[in-house]
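Structure first, commentary second.
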Amino acid sequence: MFTKSLIRKLAFPAVFAALVSLPGVVMAADRTNDIKVIEEIVAKVNGQIITRGELTSTRALIEAEAKKQGMTGTALEEGVNKVFADALRDQIDQLLLVQKGKDMNINVDADVNRWVADMQRTSGMAETDKFHAWVREQSGEAIEDLKLKYKNSLLTRRVVGEEVYRNVTIPKPELQKYYEDHKAEFVRQETVTVREIMISTGDNSPAKVTAAEKKAKEIADRAKKNEKFADLARQYSDAETAKEDGMLGTFTKGQLNEAIEKIVFPQKKGYVTEPIRVAAGFEILRVEDRTVEGQAAFEEVQTEISNRLAEPRVQPKLRELLTGLRQTAFLQIKPGYVDSGAAPGKDTTWKDPAQLKPQTTTKEAVANQRRFKKFLKVVPYGRTGVKDYSDVAPPTVTPVQQNPVQNADSSPTSK
């Protein structure tokens, strides 16, 4: 399997061509037919690359989604082709937005860690290695790859929010009218927001279970005596959420383990549970917030309504932003591939280093270049090439006064 670094090298075949001339490196001409293209770079975006394999995977996902919707035959093919026509554009869009997010110093690491913690809680595996193996088994990808994809997705959304949504303003009367016309859509389910402290039982041996239970009870007692739950989670929790002060998330009924749900949903904000035995160990939960079931007030849903109404106005502004990012980006696209969001007048011609002509192509040219360099070395700096024959005054020399040499008794020495 090729690493990303090696794939990037494939974008610069001139580097490999140079290896042929080095001693000890043999590349037989008759073996060229044996070379197979493992991956093909189709676009370069500010130092990042998009490969044919990535586009192929995207097409497979589009087709799978279309099949889920019942599309078959010609309709399936036409539908997939229509969506896939923008696949390269969408890849370029995300790379540009992710880069913009980094330039804006947007940090989403906390959200990524919380997302991973949710997955780990779902898996019921406190041990990191087992959890990572479970992720690969479920998704077919390494945890680091999934984290990177999720991080890029969050960065993209944050940039769009900061650069586009923030600049779209909906008048309040329009928001209120939408609320009155769609009240049924804003009937809220009951929700609960919780933090957690997980005390792992390791291999679940009797000794470790006993020790973990004792530790969990002591921590729960401290939390109930008003010690800051977030501090205790950061110090003692064995779950990924420890990095986020134990924040687990907001849940509706049916999303939590049934036993946990029965404990936390009836409780008020600030309630701390006793240690709860789960597969990975003992879990202590704190109710951070809760939402009562029923009709949500306008003030509670004003932001949500604003986002709904802004959506159709956002798309043109988003495309305007992406066009601007394309104008200033380093962007090259291989022949045969089309960026459907291309910026007008932007040169995205693919420049293959292997096809660049060398500056000197003959022995005579090289020899002339060497003679010219030697000539440059003998021309004094600042000369114009015109010799000055005018009389030059001799330089003024100031004589240096010498002290007379004396004998040890201070009498002058005789010459």
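Readers should treat all values here as calculations from the given coordinates under stated rules, not as data from a laboratory. No experiment lies behind these values; they were computed from the predicted model shown. Quick reminder, even Gly has a Cβ in these numbers, built from the backbone with ideal geometry, and neighbours come from all protein chains shown.
Per-structure values
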| item | result |
| --- | --- |
| Spans of helices (runs of 4 or more DSSP H) in region 100-207 with at least 1 residues touching a Leu at 6+ places or on another chain (Cβ under 8 Å) and closer than 30 Å to Lys262 by Cα | 109-123, 128-139 |
| Yes/no for Thr210 being exposed (fewer than 12 other Cβ atoms within 10 Å of the Cβ), farther than 19 Å from Gln120 by Cα and among the β-branched types (Val, Ile, Thr) | yes |
| Residue tally, condition among the basic types (Lys, Arg), more than 27 Å from Asp109 (Cβ to Cβ) and in a helix (DSSP H, G or I), over region 243-268 | 1 |
| Selection count, region 290-329, where residues are among the acidic types (Asp, Glu) and within 31 Å of the chain's Cα centre (by Cα) | 3 |
| Filter pass, Phe265 being under 37 Å from the mean Cα position of the chain (by Cα), surrounded by 15 or more Cβ atoms within 10 Å (Cβ to Cβ) and within 12 Å of Leu285 (Cβ to Cβ) | yes |
| Residue within region 211-221 that is of a type in the set (Lys, Arg) and touching a Phe, Trp or Tyr at 6+ places or on another chain (Cβ under 8 Å) present | yes |
| Pair list, Cβ under 8 Å, 6 or more apart: region 121-140 residue at positive phi, other residue surrounded by 14 or more Cβ atoms within 10 Å (Cβ to Cβ) | Gly124/Val278; Gly124/Ala280 |
| Tally, over region 180-199, of residues that are buried (at least 18 other Cβ atoms within 10 Å of the Cβ) and not acidic (Asp, Glu) | 6 |
